[in-house]
Amino acid sequence: MRIGVVGAGLAGLGAARRALELGSRVEVFEEQETVGGLASSLRAAGLAFDLGPHTLYAREPEVLRDLEDLLGTVLRPVRPTRGIWRDGRLYRFPFHLGDFARVAGPLRAAPPLLAYLAARAGGRVADRIGRADPVDLETWAVRSLGRPLYAFFVLDHVTKNIGLPPSRLPALWGRQRIAVPRLGTGLAQLAGREEEAPASRYPEGGIGRIAAALADRVTQDGGLVRTGARLVSWARAAGHVVLRADTRDGPVVRTVDSVVNTGPVDAFLLGADTGTVPEPVRAAAARLRHRATVFVYTSTRGVPADLPRDLLYFPGKQVFSRAYTPRGYAGGPAGGAPAGHCFEIHCDPGDELWDAPDGELGARVLRDAARLPFLGARARLRVERIVRIRRHYPLSDPGSAELRAVEHHLDRAAPHVVSAGRLGSHRYVNMDSALRMGALAAEVAHGRRPPGEIRRVADDPAFVEGGGRGRCGGRGR
Ligand SMILES: Cc1cc2nc3c(=O)[nH]c(=O)nc-3n(C[C@H](O)[C@H](O)[C@H](O)COP(=O)(O)OP(=O)(O)OC[C@H]3O[C@@H](n4cnc5c(N)ncnc54)[C@H](O)[C@@H]3O)c2cc1C
């Protein structure tokens, strides 16, 4: 079989690798000059950074063993610390009830903690009598935490990050992303017990090494990985798929038996030749929504000032929503003094922040950073590089009419046309799931599995950051 793969991120490279194992001929088209997609490392101010604070949450030991074999090195266990900066105080994140009581003070903490206890106890009874599962994130979080803790930790944080209030997001989003202590864990936290967070993994030399190693393996196994090659259109023809790409060597046309798309599914469907994708499906694809991110990389001049946690969230008035120090990342000063910080601005394509010129965004970041007591004027930050990602978080609800229309179409187009990965399936997944989806997509293209199995990877309600069901609330409580 001949398989064309669109995108050399982890899903695309995972698909290419599996398709080669299954005996196909494979050609990968990647529009960027480098492989890795969202899981890339890049350079600024003479240092290499990851795009975002990536660590690998591989919950399955065989995934880790496979990646270590591929990289020829052990993946280092890491436990990045996280905090949320709110009203001039620093709280632990994911929240810890003992920490909340200590930082907020007993008077401020008592009512939210009582509401939490009531919510947990009430939830147990309600589950026993068969209360229906919540559909939206707000209902889920209020039931899990009580309204005051929801208002304190979830409402502003999620609204600023995602651009939608929790009442308009699915409960699944919360179950996968927000660690909620069960009653026993919550009581233990209040009694001062510490529990070590599950480790995630990090490859020496930067997160971009995973994609680089995958691309090498695909090439060694006889596949072709073309960078600087953008798929511009495609069409179905007599049981085949014709792909047209613009490459640095000029236009390329390929006839393949199957195409596995891992770029944005909306752009992919809209790029099909006239008549290939029905108009209602194109209209549905055009309605899929994404949240964008602007990454503002800074360096530190003068006295380097550290952040109090590896990753900080800012639900307040600051222009940025997250900040972190890409310390010790690819080529960075391993274990040494911080060389700068990255500030993430979450926005919507076309809004005031997205449209602002780089100089203005950089100035706003520096102004708000200077007001943080742990940075202040001492840090003397300088903006080094600004990176804009237009499609960062896929936002449409898996139950929405537009996504269902797109999926219904793709299910019928398989095994000739398959779409997978974070933007290819329009699901907010992590690297481990992107890799798994890619491998499954190759199997779908070979007719070995139904396409719905790809989506199932993303729709598992378990907490995605390695905590597992037991630790963080089971059925999403
Ligand atoms: C800031 C940030 C932090 C993150 N943190 C973590 C973390 O800590 N842990 C974790 O596990 N995950 C994390 N993730 C998520 C993780 O990066 C993604 O889930 C994963 O990399 C997605 O891989 P993918 O292959 O599905 O998609 P992508 O990486 O988006 O790959 C798609 C590729 O397709 C290419 N493409 C698109 N259109 C075309 C076209 N027309 N022609 C040719 N090529 C095209 C793109 O250039 C891209 O390379 C984070 C993501 C970000 C952005």
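The figures follow:
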{"quantity": "Which listed residue, of Gly4, Gly36, is open to solvent by less than 10 Å² (accessible area, probe 1.4 Å) and within 8 Å of the ligand (Cβ to nearest atom)", "calculated": "Gly36"}
{"quantity": "Some residue of segment 19-31 being near the ligand (Cβ under 7 Å from one of its atoms), assigned to a strand (DSSP E or B) and more than 13 Å from Gly438 (Cα to Cα)", "calculated": "yes"}
{"quantity": "Segment 267-279 - residue that is surrounded by 14 or more Cβ atoms within 10 Å (Cβ to Cβ) and away from the ligand (no atom under 11 Å from the Cβ) and, of those, nearest to His426 (Cα to Cα)", "calculated": "Leu269"}
{"quantity": "Unmet criterion (only one of (1) at negative phi; (2) surrounded by fewer than 14 Cβ atoms within 10 Å (Cβ to Cβ); (3) not in a strand (DSSP E or B)) for Arg43", "calculated": "(3)"}
{"quantity": "Conditions (1) touching a Leu at 6+ places or on another chain (Cβ under 8 Å); (2) more than 16 Å from the ligand (Cβ to nearest atom); (3) open to solvent by less than 40 Å² (accessible area, probe 1.4 Å); number of the one not met by Gly362", "calculated": "(1)"}
{"quantity": "Scope segment 280-294; condition of a type in the set (A, V, I, L, M) and open to solvent by less than 20 Å² (accessible area, probe 1.4 Å); matching residues", "calculated": "Val281, Ala284, Ala285, Leu288, Ala292, Val294"}
{"quantity": "Any hit, segment 272-281, residues being part of a strand (DSSP E or B), over 20 Å from Leu42 (Cβ atoms) and without any contact (Cβ under 8 Å) to a residue 60 or more places away in the chain", "calculated": "yes"}
{"quantity": "Complete set of residues in segment 100-124 that are open to solvent by 70 Å² or more (accessible area, probe 1.4 Å) and within 15 Å of Arg182 (Cβ to Cβ)", "calculated": "Arg124"}
{"quantity": "Subset of segment 253-266 (residues that are within 15 Å of the ligand (Cβ to nearest atom), farther than 14 Å from Leu410 by Cα and touching a residue at least 60 places away in the same chain (Cβ under 8 Å))", "calculated": "Arg254, Val256, Gly263"}
{"quantity": "For Cys347: the one exception among (1) under 22 Å from His157 (Cα atoms); (2) surrounded by 17 or more Cβ atoms within 10 Å (Cβ to Cβ); (3) modelled with pLDDT under 95", "calculated": "(3)"}
{"quantity": "Segment 407-431, residues that are in a helix (DSSP H, G or I), in contact with a helix residue (DSSP H, G or I) (Cβ under 6 Å, 6 or more places away or on another chain) and within 16 Å of the ligand (Cβ to nearest atom)", "calculated": "Met431"}
{"quantity": "Members of segment 435-457 found to be in a helix (DSSP H, G or I) and open to solvent by 10 Å² or more (accessible area, probe 1.4 Å), listed by number", "calculated": "Leu435, Arg436, Ala439, Glu443, Gly452, Glu453, Arg455, Arg456, Val457"}
{"quantity": "The listed residue being within 16 Å of the ligand (Cβ to nearest atom), of a type in the set (Val, Ile, Thr) and either open to solvent by 30 Å² or more (accessible area, probe 1.4 Å) or assigned to a helix (DSSP H, G or I) (or both), out of Val63, Val74", "calculated": "Val63"}
{"quantity": "Some residue of segment 378-385 being within 16 Å of the ligand (Cβ to nearest atom) and open to solvent by 50 Å² or more (accessible area, probe 1.4 Å)", "calculated": "yes"}
{"quantity": "Ala132 surrounded by fewer than 23 Cβ atoms within 10 Å (Cβ to Cβ) and not basic (Lys, Arg)", "calculated": "yes"}
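The values are calculated or read from the model by the stated rules, or taken from the named source; none is laboratory data. These numbers were taken from a predicted model, which means no experiment stands behind them. Note that each Cβ is placed from the backbone with ideal geometry, even for glycine, and that neighbours are counted across all protein chains shown. Accessible surface is based on the protein model in full, side chains and every heavy atom, while ligands, DNA and RNA are left aside. Shrake-Rupley method; radii C 1.70, N 1.55, O 1.52, S 1.80 Å.
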